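The values are calculated or read from the model by the stated rules, or taken from the named source; none is laboratory data. Model, not experiment: these values are computed from the prediction. Glycine gets a Cβ as well: all are built from the backbone with ideal geometry, and neighbour counts include every protein chain shown. When the accessible area is computed, the model is the full protein with side chains, heavy atoms only, and any ligands, DNA or RNA have been set aside. Shrake-Rupley method; radii C 1.70, N 1.55, O 1.52, S 1.80 Å.
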Amino acid sequence: MFETLNPAAPDGILMLMSMFRDDPRAEKIDLGVGVYKDATGKTPVMQAVRKAERRLHETQATKSYLGLAGDTVFNELMIGLLMGDKADRTRLRAAQTPGGTGALRALSDLLRLARPDATVWVPSPTWPNHVPIITASGLTTNIYPYFDAYTNSVDVDAMLDALEQLPAGDVVLLHGCCHNPTGADLAPEHWKTLADLMVRKGLIPLVDIAYQGFGEGLEEDAAGVRILAETVPEMLVAASCSKNFSVYRDRAGAAIILGRNRSEADIAYSQLLGVGRCIWSMPPDHAAACVRIVLHDDDLRANWQAELESVRLRMLSLRNGFAEALRRQSNSERFDFIANQRGMFSRLGLTQTQVMELREKHGVYIVSDSRFNVAGLPGDRLDDLAAKVISIL
Ligand code: LMR
């Protein structure tokens, strides 16, 4: 039967990982996949997570099943982290998922059950895996304008105009913060306008938030999600712990739903758990248990927040340093936008041919749309890297 299959298209981001690994050049630079790296190029286990792992190892008496929702304390803590203290908990439910991707897939399956004919509108551009995940659930996707490559910022007017035209009941995917791949985010006042528009037009927000704490700060990065939750009757949120707890391979995330009232939230939650039962049955425990230990313990939580803040500040300083180096090397302000954007990614605005040339000539690996991982920038070789970029223009 396998003769009926064609090879799957390779994932553009993950393909770069193996190409980089196979490149023998010592001076090669990996700015591809979105993992945080410290100044030595390592992706460390965060100190608080390491301590939580030790505690878990010493205290965990069984590995018996926890249930469909996973770790329920983790779920409540994730609602708190995302939604803050003032959120109306009676309408919010969360289920632990294998990473943010698991949350996106479970929420897409839930949407398919609730609104099989809805179109899910994704920003242009968006993370390349969004459309495959949503269409794998059997839903239709389409794009709305988001990024203006001329100003290197969000084209708010074009975005809002496009959303005004959508039929009631359609779903709008939004990046909660640190837009991937552009690093261009909505300002708080735009979130309020957007939330009012969603209510007026009867649209449903599906927020993907995978970088909370990497942009303006832990609380600031959740502002958009919280404004929506205070305003709209129903919403869905896919949260990831991969980046902000640095537990990438252990896969922890949460699918959060906001219902119109307690009973509708309960019914939707039962369906969400049923969806998970058909994909992974019960979610993997280890990383979520560590996150629960960290968030539940005042000292570990403070330690985690401080380390996360240092990660955020390091990326900000790399952004500023790279923008300055590019300014020096190009003698222009063309790349100044890099300092103003936020999160792990920005786009250099290069063509695919230039991206290939950068890789082949100089061993600099960035994604084909010219997205680069800010955390991978070599702090001590920024001028050298900037000169390489300028040389292929
Ligand atoms: C990325 O965008 O590089 C990360 O989210 C990793 C991935 O799975 O694509």
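How much of the DSSP bridge set in the chain is antiparallel, in percent, rounded to the nearest 5? Expressed as a percentage, antiparallel bridges in the chain total about 45.
Looking at the range 311-359, the GluC sites (Glu not before Pro) that sit in a DSSP loop and have at most 13 other Cβ atoms within 10 Å of their own Cβ are E333.
Kirkwood-type hydrodynamic radius, the chain: 21.8 Å, calculated from all non-identical alpha-carbon pairs. Given R0 = 51 Å, the distance between the Cβ atoms of D148 and L56 translates into a calculated FRET efficiency of 0.65.
Just the number, please: carbon plus sulfur as a percent of the accessible area of the range 81-189, 1.4 Å probe, no ligands or DNA/RNA counted. With neighbouring chains kept in place, the figure for the range 81-189 is 51 percent. Measuring r between the beta carbons of K361 and I279 and using R0 = 51 Å, the FRET efficiency lands at 0.75. Rounded to the nearest angstrom and listed largest first, the equivalent-ellipsoid semi-axes of the range 341-393 from its Cα gyration tensor are 16, 14, 9.
Here the spin labels are modelled as points 7 Å beyond Cα on the Cα-Cβ line, and at D266 and T4 they lie 4.4 nm apart.
Rounded to the nearest 10 degrees, the inclination of helix 382-391 to the longest alpha-carbon principal axis of the chain is 70 degrees.
Excluding same-chain pairs closer than 8 in sequence, count the lysine pairs in the chain whose Cα atoms lie under 14 Å apart.
Working: K28/K361; K28/K388; K37/K243; K42/K243; K361/K388.
Taking the chain as the scope, the lysine pair count is 5.
Specify, per residue and in Å³, the volume enclosed by the convex hull of the alpha carbon atoms belonging to the range 88-227. Don't skip to the end; give the middle numbers.
Values: hull volume 16.3 nm³, N = 140.
Cα-based convex hull of the range 88-227, divided per residue, equals 117 Å³.
Seen against the Cα atoms of the chain and their longest principal axis, helix 12-22 is set at about 50 degrees.
Please pull out the direction-averaged projected area of the range 92-138, using the convex hull of its alpha-carbon atoms, in nm² to one decimal place.
Details: hull surface 15.1 nm².
Mean projected area of the Cα convex hull: 3.8 nm².
Loop sites by DSSP among the trypsin sites (Lys or Arg not before Pro) of the chain, restricted to those with at most 13 other Cβ atoms within 10 angstrom, leave 87-259 as the longest stretch without any of them. When the alpha-carbon atoms of the range 1-155 are used, the pair Rg, Dmax equals 20.6, 57 angstrom. Between the Cα long axis of helix 352-362 and the first principal axis of the chain there is an angle of about 60°, rounded to the nearest 10. Counting only Cα atoms, the size of the range 299-393 along its three principal axes is 49, 25, 21 Å, in decreasing order.
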